[in-house]
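Before any comments, here is the structure.
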Amino acid sequence: MSSPAILRHPEDAMPSAVADASTAPAATPQSTPPSFGTLALRWFRLNQGSLRATAIGIASLIAFLLVWHLLTTYRVVFFVRFTNVPSPLAVYASFIKAIHDPKFLMHILLSCRRILMGFTLAAVIGVPLGLIMGRFKLIHEIVFPVAEVLRPIPAIAWVPMAIMLWPTNEQSIVYITFLGSFFPILVNTLHGMSLVDPVLVRAAQCLGARERSIFREVYFPASLPHIFTGLTVGMGVAWVSLIAAEMISGQYGIGYFTWEAYSLVQYADIALGMIAIGVLGLGSSLLIRGAGQVVMPWREK
């Protein structure tokens, strides 16, 4: 074999080697994790709406406190008299004093216990009764007229009757709290049952579903938004009823604390009791709304 042929073989083999090298998979560069600033920006964009609402709420509270401070500092009299209204600083001083007083904490705990007992009893009775009334016409015709007669009666009007019906003041207060939350829960549950799409019910019946399955799979999920609306409204009315009952016939509770402060001309304690009632009511409503978001994850927040 001639020398040019010998020298040509390595050169002929070089293109194939280059081709093999080019067809080999290239090493992928490792991806770097996102920086803290990128994660923070992404979180801000996802929660921009809730952050905006929180900022506006804080600003409105600050504006309210500022207006309250100015009106009470300068003793403004313009249709409404602010001469005896305590200032925010006086209420804050009363709050600092009250949180170190076991009696004030006992008032709050007793009111919360009464709310828990009365509201739970109202929910346990009102929701199933509303579902049954919405499904069975005969039960609706029997119960609805009686409920409509009793529903407009305010909680204060029930106080003398409750004292006669129950042997202790504690039981009568819980009963009044129950009545205050029972009717909103019942009416909203009944309204939710009336709005259930009948096509869904007929579809379940065509698929062979029994009455229990229709209740569990059709009526109850469809009525849940209205049920939780009734629970939220019922909680607010329960607090109104409880405070009225505690002011009239109670010996302990945040309502009694507020009325006692009025009787003793302790204006800062009056405002403190009112703020405590508002905070407790807000917390109770937030708990119910949070439970609704857990039970109904398909609903938009």
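The criterion of at least 3 residues that are open to solvent by 40 Å² or more (accessible area, probe 1.4 Å) and either of a type in the set (Lys, Arg) or touching a Phe, Trp or Tyr at 6+ places or on another chain (Cβ under 8 Å) (or both) is met, among helices (runs of 4 or more DSSP H) falling completely within region 213-301, by 267-295. For region 59-94, a tally of residues being of a type outside the set (A, V, I, L, M), open to solvent by 50 Å² or more (accessible area, probe 1.4 Å), under 15 Å from ILE275 (Cβ atoms) and out of contact with any Pro (no Cβ under 9 Å at 6 or more places or on another chain) returns 2.
Is it true that ALA40 is modelled with pLDDT under 95, in contact with a helix residue (DSSP H, G or I) (Cβ under 6 Å, 6 or more places away or on another chain) and either among the small types (Gly, Ala, Ser) or more than 30 Å from LEU179 (Cα to Cα) (or both)? Spelling it out, it is not the case that ALA40 is modelled with pLDDT under 95, in contact with a helix residue (DSSP H, G or I) (Cβ under 6 Å, 6 or more places away or on another chain) and either among the small types (Gly, Ala, Ser) or more than 30 Å from LEU179 (Cα to Cα) (or both). Do we have ALA147 as farther than 23 Å from VAL233 by Cβ, small (Gly, Ala, Ser) and more than 23 Å from the chain's Cα centre (by Cα) here? So ALA147 does not fit the description; no.
Those helices (runs of 4 or more DSSP H) of region 107-202 in which 3 or more residues are open to solvent by 60 Å² or more (accessible area, probe 1.4 Å) and β-branched (Val, Ile, Thr) occupy 137-150. The listed residues are ARG135, ARG114, and the only one of them that is under 26 Å from GLU246 (Cβ atoms) and of a type in the set (D, E, K, R) turns out to be ARG114.
The values are calculated or read from the model by the stated rules, or taken from the named source; none is laboratory data. Because the structure is a prediction, the values reported are computed rather than measured. Cβ: placed from backbone, ideal geometry, glycine included. Neighbour counts: every protein chain shown. These accessible areas exclude ligands, DNA and RNA; they are computed on the full protein's heavy atoms, side chains included. Shrake-Rupley method; radii C 1.70, N 1.55, O 1.52, S 1.80 Å.
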